[in-house]
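Right, one structure below, let's go through it.
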Amino acid sequence: MEIERKILVPEEAEEVWESLTDPERLEEWFATDVELDARPGGEGVFRWGDGDERRAVVRELEEAERLVLDWDDGGSVAIELETSEAGTLVRVVETSPDFGLALELHACAWTALAA
């Protein structure tokens, strides 16, 4: 089972890409504390203020186009960027054995990014 969401972000693809791959930028909208080695095989740790922590490995990375993370719980998230006249179309496909947490993170993260 998977969740797919598309959102139009009124920014250039390079700006959106930086928000997805730079740990300091990720801390602005996704998690409280982020460590991410944004390269294929690189590892990531995402921590939230409530003590929750998720680990990931970068499975795929195509600069400013596609990022795929495999979560430590067996799920994954694929993020694809497409330039449009109004900004950047962001397509997110997430699979997870625990969709309760995935849905909560998904809703919080993309609402913050779009704001």
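Just so you know, all these numbers are worked out from the coordinates, no wet-lab data involved. As the structure is a prediction and not an experimental result, all values here were calculated from the model. Heads up, the Cβs are rebuilt from the backbone with ideal geometry, glycines too, and the neighbour counts pull from every protein chain shown.
The figures follow:
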quantity	calculated
Overall form of segment 25-65 per C-alpha gyration tensor (a/c, 1.5; a/b vs b/c)	oblate
Net charge over other residues, Cβ less than 12 angstrom from the Cβ of residue 63 (K, R count +1; D, E count -1)	-3
Stretchable slack from residue 55 to residue 14, in nm (0.36 nm times residue separation minus alpha-carbon distance)	12.3 nm
Length released on extending from residue 86 to residue 43, taking residue separation times 0.36 nm less the Cα-Cα span	12.2 nm
Pair residue 1, residue 22: separation of 7 Å Cα→Cβ label points (nm)	3.7
Segment 1-66 and segment 72-96: distance between their alpha carbon centers, rounded to Å	10
